[in-house]
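Below is one structure; the comments refer to it alone.
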Amino acid sequence: MLKVGLVGLPNVGKSTLFNALARAEARVSSYPFTTIDSNVGVAVVPDPRLARLEALLDPLDTTPCAIEFIDIAGLVEGASRGEGLGNRFLGSIRTVDLIAHVVRLFDQPDVAHGYPGLDPVRDAEIVQTELLLADLEVLGRAIEKRSKVWATDPGAHAGERELLERCRTRLEEGRPLASLELDAAARVELEAVGMLTTKPVVWVANLSESEVGPQEPPAVEELGWALGEEGRPAEVVALSALLEAELAALEEDDRREMLEMLSLPASGLERLVERCFDRLGLIRFYTVANRKLRAWELPRGVAAPAAAGRIHSDMESGFIRARVASFDELVAAGGLAELAHQGRLRTEGKEYQIRDGDVVEFLFSR
Ligand code: GDP
């Protein structure tokens, strides 16, 4: 399951958002996961296609994709030097796939925040700086340790050395490693070194409840430009954590009604979860086995046997073939049996790359 860490300065609304996510999950009773502890929770990925398949196929049970959220509290200036909960804070970020960085745009003078006035860009930079400093320190130690090995055979280690030096230069420029063009192997290597700023970031602007509506306040767009890289604005998910917490406490019908009243097509949590999926370049496919419908997430371009391995490792090693229908074909035909009857259920082999929206039945030998 994907892991997302909520970071940000104290009192920006992380816990409020986390509680909203945890409560939203509690509404989905069939979900096999529960809140793990006070700061780790699981949120369901909103999926209109899954709802449509459920209506069409009438399964006994439906399981959506989910994301694990971790409320990473305790970041203060100096965390990279071990201030506050510094080391623990940085340790928990190392385990996440993506960082949701919450900044405060709501103005409520009685909520202390530690810095004068409302300045989301400054707040974001304080947190970013701690992450950059933590990376610089860890990288410096890694380079020092490896230098001895590099010296014994410079040719053999030129690639590794060049990568780590390039990263050091980028961090010294005050820029995150995510801004470098890195291939998958380099990413894995930097992950092993323990780098934090390689991780993708989704920005969350926490607004006042009164500012939430179909038209976002101009401050959101300004924030996007200020946080962007190379002439492109960063994408910002704007929501009010307090309002999300209220929405999450409502029954589904009341929740939809309230969203309609606010002229919002989706809740902030739905948009946030959707954005995390997009940012990681993930697709979704569906399986129906023993009348159980389930959604799975998968990186783009993965072949059928590896996709089967997401379900069970035996299914990867014993993969024979897959029967595949696209979501659109299935909905147009009105069901799997109808599609098979029309001879339009495809049979695909080991080379087939699973596409977004595929409904798949894997055939495998045990
Ligand atoms: P954390 O330290 O980042 O986890 O922040 P909290 O979630 O504990 O929130 C700090 C304070 O800000 C609490 O008093 C919240 O009620 C308040 N707060 C959080 N989100 C919002 C919001 O969207 N609007 C307003 N007005 N207050 C908020």
| remark: Every listed condition ((1) open to solvent by less than 10 Å² (accessible area, probe 1.4 Å); (2) in contact with a Pro (Cβ under 7 Å, 6 or more places away or on another chain)) holds for Val127 save (2)
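Out of all the residues in the stretch 305-345, which are among the hydroxyl-bearing types (Ser, Thr, Tyr) and either in contact with a Ser or Thr (Cβ under 6 Å, 6 or more places away or on another chain) or surrounded by fewer than 13 Cβ atoms within 10 Å (Cβ to Cβ) (or both)?
Going residue by residue through the stretch 305-345, those that are among the hydroxyl-bearing types (Ser, Thr, Tyr) are 313, 317, 326.
Ser313 - this is the single residue of the stretch 305-345 that is among the hydroxyl-bearing types (Ser, Thr, Tyr) and either in contact with a Ser or Thr (Cβ under 6 Å, 6 or more places away or on another chain) or surrounded by fewer than 13 Cβ atoms within 10 Å (Cβ to Cβ) (or both).
Could you please find all residues in the stretch 222-239 being within 11 Å of the ligand (Cβ to nearest atom) and over 19 Å from the mean Cα position of the chain (by Cα)? Reasoning before the result, please.
As a first pass, look at the stretch 222-239 and keep what is within 11 Å of the ligand (Cβ to nearest atom): 238-239.
Selection gives nothing.
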| task | Please find, within the stretch 194-221, the residue that is nearest to the ligand (Cβ to nearest atom) out of those that are farther than 16 Å from Thr95 by Cα and charged (D, E, K, R). | result | Glu209
| query | How about the stretch 146-181: which of its residues are under 26 Å from Arg232 (Cα atoms) and in contact with a Lys or Arg (Cβ under 9 Å, 6 or more places away or on another chain)? | reply | Pro176, Leu177, Ala178, Ser179, Leu180
| request: Looking only at the stretch 132-148, decide whether some residue is out of contact with any Gly (no Cβ under 6 Å at 6 or more places or on another chain) and not in a helix (DSSP H, G or I). | output: no
| task | Could you please let me know if Arg300 is buried (at least 16 other Cβ atoms within 10 Å of the Cβ) and in contact (Cβ under 8 Å) with a residue 12 or more places away in the chain? | result | no
| task | Could you grab the pairs with beta carbons closer than 6 Å, sequence gap of 6+ or different chains, first residue in the stretch 268-285 and surrounded by fewer than 23 Cβ atoms within 10 Å (Cβ to Cβ), second one at pLDDT 90 or above and assigned to a helix (DSSP H, G or I)? | result | none
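The values are calculated or read from the model by the stated rules, or taken from the named source; none is laboratory data. Nothing here was measured: the structure is a model prediction, and the numbers come from that model. In this analysis, Cβ positions are derived from the backbone assuming ideal geometry, glycine residues included, and neighbour counts consider all displayed protein chains. The protein model used for the area step is the full one, side chains on, heavy atoms only, and it has no ligands, DNA or RNA in it. Shrake-Rupley method; radii C 1.70, N 1.55, O 1.52, S 1.80 Å.
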